[in-house]
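Peer 1: Can you read through this structure? Questions will come right after.
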Amino acid sequence: MKMFLDTADLVEIEKWLSRGILDGITTNPSILKKAGVTEPMAAWKEIIALINTNSDQSLSLSVEVFCDEPDKMLDQARGFVKELNYAGTTIKIPILGIDGADRLAVIRSLSQDGIAVNCTACVTWLQAFAAAKAGARYVSLLYRRMIDVGLDARYMISKTRELLGEHQLGAEIIIGSIRKAEDVFDAYEAGGHIVTIPTKFMPEILFHQKSVDTQEQFLRDAGVIQ
Ligand code: E4P
């Protein structure tokens with residue numbers, strides 16, 4: 001089980017990195033916009049600096065291309081990798097373009113260059129499986145977006161996991177589009193290797209009233225509280 005944070009909020013990233021529980025960070029254009037980022041490259045460099053300060057590993061940082069045309073995607077992706085100069089750089093490529101065509105050739109080219117690709121916007125097991133076959137290091141299935149259109153999200157995750165194993169593909173499944181704390185538990189249990197979690201759910205997934213009650217009992221018996 002790996003935990004990524006789905007945010008570009010530097011304060012939250014530092015907070016959770018300092019607790020030592022993160023394995024990566026994911027961003028996309030919508031997340032950058034929400035965080036008020038106007039210069040993505042500068043923001044990604046700040047995230048990398050926080051990772052380097054708080055971890056001795058090059059945790060994965062997903063950065064998404066800002067274009068839709070295959071040749072431009074390749075140029076932009078290679079440019080990001082060069083400028084960030086960080087071993088954890090992971091390029092997010094959506095499985096389909098707005099023309100509806102697959103972007104598997106882009107994924108394959110980048111992967112052949114040794115660039116880690118996170119194929120995003122997948123909502124079916126076949127999309128995720130195809131991306132992994134093309135060489136993606138990560139395949140992102142978007143949990144609530146699957147449910148939004150009536151797809152069986154848990155089945156899509158478990159079938160993808162089964163196929164990755166059956167074909168001995170090394171890709172890991174990232175589950176994004178988490179909109180409730182309970183989604184985190186469901187997504188792991190269905191077979192996601194990684195869940196990328198919006199920061200607002202972090203306190204909630206760690207909380208249980210029984211833990212609070214237990215500590216209260218311990219403090220009462222220690223005479224610290226009445
Ligand atoms: C995918 O890149 C992300 O997880 C993204 O934040 C999607 O979340 P949403 O469906 O809640 O917008």
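Peer 1: Mind checking which helices (runs of 4 or more DSSP H) fall wholly inside the range 1-114 and carry at least 1 residues that are among the hydroxyl-bearing types (S, T, Y) and either free of Cβ contacts under 8 Å to residues at least 60 places away in the same chain or within 16 Å of the ligand (Cβ to nearest atom) (or both)?
Peer 2: Result: 29-34, 40-54, 104-112.
Peer 1: Here is a further query. Collect the residues in the range 180-226 that are in contact with a strand residue (DSSP E or B) (Cβ under 7 Å, 6 or more places away or on another chain) and in contact (Cβ under 8 Å) with a residue 60 or more places away in the chain, keeping them in residue-number order.
Peer 2: Those that are in contact with a strand residue (DSSP E or B) (Cβ under 7 Å, 6 or more places away or on another chain) and in contact (Cβ under 8 Å) with a residue 60 or more places away in the chain: Y188, H193, I194, V195, T196, I197, P198, T199.
Peer 1: Can we say A121 is under 19 Å from the mean Cα position of the chain (by Cα) and more than 23 Å from Q168 (Cβ to Cβ)?
Peer 2: When the stated conditions are applied, A121 passes them.
Peer 1: Give V65, V81 a once-over and let me know the one that is in contact with a Ser or Thr (Cβ under 7 Å, 6 or more places away or on another chain) and surrounded by 14 or more Cβ atoms within 10 Å (Cβ to Cβ).
Peer 2: Result of the check over V65, V81: V81.
Peer 1: Which condition number in (1) at positive phi; (2) in contact with a strand residue (DSSP E or B) (Cβ under 9 Å, 6 or more places away or on another chain) is the one that S60 fails?
Peer 2: (1)
Read the figures in this text as sums done on the coordinates, not as results from a lab. Model, not experiment: these values are computed from the prediction. Positions of Cβ are generated from backbone atoms using ideal geometry, with glycine treated the same way; all protein chains shown enter the neighbour counts.
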